[in-house]
Structures are given as structure tokens and as C-alpha cells.
1. Return the only residue of VAL103, VAL15, VAL2 being in contact with a Pro (Cβ under 7 Å, 6 or more places away or on another chain), among the hydrophobic types (A, V, I, L, M, F, W, C) and part of a loop (DSSP other than H, G, I, E, B).
2. Of the residues ARG48, ARG85, ARG36, ARG57, which single one is touching an Asp or Glu at 6+ places or on another chain (Cβ under 7 Å) and more than 19 Å from ALA104 (Cα to Cα)?
3. How many residues, within the range 36-61, are farther than 17 Å from VAL74 by Cα and of a type in the set (A, V, I, L, M)?
4. Looking only at residues that are of a type in the set (Val, Ile, Thr) and within 17 Å of LEU14 (Cβ to Cβ) in the range 34-76, which one is most open to solvent (accessible area, probe 1.4 Å)?
5. Could you tell me which residue of the range 71-110 is modelled with the highest pLDDT, considering only residues that are among the basic types (Lys, Arg) and within 30 Å of LEU41 (Cβ to Cβ)?
Amino acid sequence: MVGVLRAVAVVGRLVARHLDDGRALEVTRIATDGVRNANSLLCMASWRVAKALGHARPITCTQAGESGASLCAVGWTVLARCRPRCGRHCASRPRASRGTDHVARTPWEASASGWRGGGGPSLPSGGPVH
């Protein structure tokens, strides 16, 4: 189908500001309509764009209950297994819960050594849609 939006990725500066070295980008959201391999394709496209813009370290996180199979398929590697946090609320700066408190997360990284450029699914001819 021509002209039909099937999937989208949101990529930006790292959410965790203390990890932002100016060369890293984070894939913060991916949404698809269920089309096969869309998540893997978007992860690959995000990494290619990040490299083209001079970034050396794209990262993302999965939540407990998400397998990360799409990330494994395109060569991303697990950085750590993080325990659930109790949230960001503190007495000096009260914050409302966003429903993601108490959820374990797993950060992933795409690196030059982990990137299998020729493996996994490939982008359709013409590259990523902008």
C-alpha cells in the first residue's frame, strides 16, 4: 500500500539526563499497526539515522513483560536489568504517578560491535519514510 502509515518511531535525547553525553539518542516510543517486523525495521532505521547524524550510541528500554525479540533480531544488546523504581515523587518536588512506577526496565544499546548490518529484516527500497 502506498501512502499508508504503518509504524512510527520517536527518537530524541536521552530521558536520563545524567547519561546524555551528546552522542547518544534514545528510541522512546515505537508504535505499529501490527505489520510484521515493523519494530525491527524501525530500530534499524533509527540506528542508521543516528549514525548518519554523528551519534554513536542509540539506546532504548523495554518494560517487564516485553521480550525484546525485535531488538535481539537487529543486534541490540542488553546493558543491564533494572529493578522497579518507586517513582519520581519526593517531598521537595511532588509528582503524580504516570502508571509506570514499580515496573522493571531493561536498557538496550545498539553498538558498532553488536550491529549485524546485513542480518535480520531489511528496509524497503528507498529507505525509511520521513
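The values are calculated or read from the model by the stated rules, or taken from the named source; none is laboratory data. Quick caveat: nothing in here was measured; it's all calculated off a predicted structure. Cβ atoms come from the backbone with ideal geometry, glycine included; neighbour counts cover every protein chain shown. With ligands, DNA and RNA removed, areas are computed over all heavy atoms of the protein, side chains included. Shrake-Rupley method; radii C 1.70, N 1.55, O 1.52, S 1.80 Å.
1. Details: VAL15 fails: in contact with a Pro (Cβ under 7 Å, 6 or more places away or on another chain); VAL2 fails: in contact with a Pro (Cβ under 7 Å, 6 or more places away or on another chain).
None of the others qualify; the one that does is VAL103.
2. Working: ARG48 fails: touching an Asp or Glu at 6+ places or on another chain (Cβ under 7 Å); ARG85 fails: more than 19 Å from ALA104 (Cα to Cα); ARG36 fails: touching an Asp or Glu at 6+ places or on another chain (Cβ under 7 Å).
Answer to the check: ARG57.
3. Narrowing the range 36-61 to residues farther than 17 Å from VAL74 by Cα: 52-55.
Checking which are of a type in the set (A, V, I, L, M) leaves us with 52-53.
Total meeting the criteria: 2.
4. VAL49
5. Step one: of the range 71-110, the residues among the basic types (Lys, Arg) are 81, 83, 85, 88, 93, 95, 98, 105.
Pick out the ones that are also within 30 Å of LEU41 (Cβ to Cβ) and you get 81, 98, 105.
Working: ARG81: 81, ARG98: 67, ARG105: 84.
Across the range 71-110, the extreme among qualifying residues is ARG105.
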